[in-house]
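> I have a structure here, written as structure tokens, and I will follow up with some questions on it.
Each value in this text was obtained by applying a stated rule to the coordinates, not by laboratory testing. Values in this document were obtained by computation on a predicted structure and should not be read as measured data. Neighbour counts are summed over all protein chains in view; Cβ atoms, including those assigned to glycine, are modelled from backbone coordinates with ideal geometry.
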Amino acid sequence: MTVFSDPLAANLAVLGIIFFGIGSYAIYKYFMNKNEGSFDQGFSYFLIGTGLYSLVYGLFYSLLWPEPEGGAYSILFGDPLVMLGIVELFTAYILLKNSNLYFTGLFGFFAGIYAIVSGYDGFLDGMTKSPTAMLLLYLGAGFTGILVFPLVLTKNRYLGLLTGVIAFLTAIMALIIGIPALGEHLIGFAHAP
């Protein structure tokens, strides 16, 4: 008996939740200038939960996605998810320690570049049923990561607003892709031999 799970639709829903959380934090903390320690602590717990989820499923895609579908798809879906999980867990730890977010912003900056390059290459290769939607998702995630670095350095409220808006748009794109994928995957698995 072969056991195979395709959590891609659920991962897209969680990705939407993650980016909605990031956008909310950026706007609340930087645009609205709310520097409450309890908000940082609550956000860190949010990041621990979603970061562990991202890391586990990213590793699943990177290491265990079966062939022939694996390979390039493992790189496209798994590696950026692993990076996201690491950034989330690193940020959660730093927030709980009340430390400077400089280095997590730096990590997010380069992870954002990686996401943009991955999405662009996946788009060029037509690796999904909706390559344009996938590209927009990766661009949004990438630009959110890139903007976090100057945001934590400058604490500029308008940069906080921009980061939040891009994160919200990324969340919406993840849900636009993920919700229809849930139905397609359910039907596909229900009728699989």
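> Would you point out the residue of region 127-138, among those that are free of Cβ contacts under 8 Å to residues at least 24 places away in the same chain and part of a helix (DSSP H, G or I), that is nearest to LEU47 (Cα to Cα)?
Looking at residues that are free of Cβ contacts under 8 Å to residues at least 24 places away in the same chain and part of a helix (DSSP H, G or I), I get LEU135.
> Being assigned to a helix (DSSP H, G or I) and of a type outside the set (Val, Ile, Thr) is the filter here; which residues of region 19-35 pass it?
The answer is PHE19, PHE20, GLY21, GLY23, SER24, TYR25, ALA26, TYR28, LYS29, TYR30, PHE31.
> Restricting the search to region 29-47, which residues are surrounded by fewer than 13 Cβ atoms within 10 Å (Cβ to Cβ) and basic (Lys, Arg)?
Scanning region 29-47 gives a single hit, LYS34.
> A further question follows. Identify, from the list LEU124, LEU106, the residue that is without any contact (Cβ under 8 Å) to a residue 60 or more places away in the chain and more than 18 Å from ILE146 (Cα to Cα).
LEU124
> For residues that are under 16 Å from VAL87 (Cα atoms) and not β-branched (Val, Ile, Thr), tally how many sit in region 151-165.
So the count comes out to 1.
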